[in-house]
Amino acid sequence: MVSSLIRWLAIGALGVACAACARPSPPLRGVLQGELLWKGTVYLQGDIILPADASLVIAPGTEVVFLSAPPELDLLQEHPNFPGSELIVRGRLIAEGTAERPITFRHHDPEAPAGSWGAVNIEGSPEVSFRHCRFRQADSAVHSRDARVTVEESLFENNLVGIRFNNTEILIERNLLQNNGTAIRFHLGAPVICQNLIRDNGVGLFLTSHPLGYHIEANNLLNQRHYQVVLGEEVPDDVAMPRNYWGGTDREAIQQSLFDGQRTSYIGRVKVLPLTETPVATAGPSWMQ
């Protein structure tokens, strides 16, 4: 796909993201247009919008670097947006790296804490695909509403929330989610969450409201700091999570790792049976095994 021009509304200039530039490219700002290809190192600052009539392909090996945003460029801070620079996706986005050349989404300061940039914030997009990607230091690294999204073979670490969605048709398969505040959080939606390695987070899965049409199976959930699964107050029904590996087969220990109807009567229970007795060998990214 040939790169097209990008309109920078904030500064009234035109720019192309280029890997071969002798000096860092100026940061992209404002509204993007056309059919775009990003490669090399691409800097974003403020609230960057990919509108519904635009499309973006991110090439293998690309680094998408979020700069700190001054107040005049960070106008969208209230949920469903987040403080800090973010990429707001309303069109099509294909970010598919390779095992040898993954795509990275990060803050410009490698030592910055979780929450230092906002999100790849997907709003009503008909097609978004992430594969062989790495997400670090975001508020909610992938956040989606009313969209169709695929997240495969990717790494989420050191984010406040790894993957967060509302009413989204989403496939989350063969990812590693580690050292996040919450690995996966969702409200409504019809997720397929399979063959993921979810370890060392504050919370593994947080279901906030009425999950419907979900499938959560063949995941390894290990060593969350607080709970493996939390059900919110708008989850009155039981939630089936069979054939996952919970770090062992001690049912009492597994129950203690869940926040569900055993702790408060007005929410449902997490149904973990039948258990998988040994770790799922295919859970997690194949390129990181």
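Restricting segment 183-200 to residues that are more than 13 Å from the chain's Cα centre (by Cα) and of a type in the set (Gly, Ala, Ser) leaves a set whose member that is nearest to Gly124 (Cα to Cα) is Gly189. Is one or more of the residues making up segment 232-243 more than 18 Å from Leu207 (Cα to Cα) and either touching a residue at least 12 places away in the same chain (Cβ under 8 Å) or out of contact with any strand residue (DSSP E or B) (no Cβ under 9 Å at 6 or more places or on another chain) (or both)? Yes. For segment 108-131, residues that are farther than 21 Å from Glu78 by Cβ and buried (at least 19 other Cβ atoms within 10 Å of the Cβ) total 4. Could you please find all residues in segment 170-200 being within 15 Å of Met241 (Cβ to Cβ) and not in a strand (DSSP E or B)? Pro191, Gln195, Asn196, listed by residue number. Can you say whether Ala69 is assigned by TED's automatic domain parsing to the domain that holds Arg136, farther than 15 Å from Phe130 by Cβ and not β-branched (Val, Ile, Thr), as far as the supplied structure shows? It is true that Ala69 is assigned by TED's automatic domain parsing to the domain that holds Arg136, farther than 15 Å from Phe130 by Cβ and not β-branched (Val, Ile, Thr).
In the set (1) out of contact with any Gly (no Cβ under 7 Å at 6 or more places or on another chain); (2) modelled with pLDDT of 95 or more; (3) surrounded by fewer than 19 Cβ atoms within 10 Å (Cβ to Cβ); (4) over 17 Å from Leu87 (Cα atoms), Gly213 fails one condition alone, (2).
Among the basic types (Lys, Arg) and crowded, with 24+ Cβ neighbours inside 10 Å: is that true of Arg134 in this structure? No; evaluated as a whole, the condition is false for this residue.
Within the option set Glu152, Glu169, being farther than 26 Å from Leu44 by Cβ, without any contact (Cβ under 8 Å) to a residue 24 or more places away in the chain and acidic (Asp, Glu) holds for one residue only, Glu169.
In this structure, is Ala119 of a type in the set (Gly, Ala, Ser), closer than 21 Å to Phe186 by Cα and assigned by TED's automatic domain parsing to the domain that holds Gln137?
So Ala119 passes the test.
Quick one: in segment 147-169, which of the residues that are part of a loop (DSSP other than H, G, I, E, B) and modelled with pLDDT under 95 is farthest from Pro211 (Cα to Cα)? Here the residue is Thr168. Reported count of residues in segment 216-258, each being at negative phi, surrounded by fewer than 19 Cβ atoms within 10 Å (Cβ to Cβ) and in contact with a Leu (Cβ under 7 Å, 6 or more places away or on another chain), is 3. Determine if segment 55-75 includes at least one residue that is more than 16 Å from Arg164 (Cα to Cα), aliphatic (A, V, I, L, M), buried (at least 17 other Cβ atoms within 10 Å of the Cβ) and modelled with pLDDT under 95. Yes: one or more hits. Take the conditions (1) buried (at least 21 other Cβ atoms within 10 Å of the Cβ); (2) modelled with pLDDT of 95 or more; Gly189 misses just one of them, which is (2).
The values are calculated or read from the model by the stated rules, or taken from the named source; none is laboratory data. Predicted model, so just to flag it, every value in this text is computed and none were measured. Heads up, the Cβs are rebuilt from the backbone with ideal geometry, glycines too, and the neighbour counts pull from every protein chain shown.
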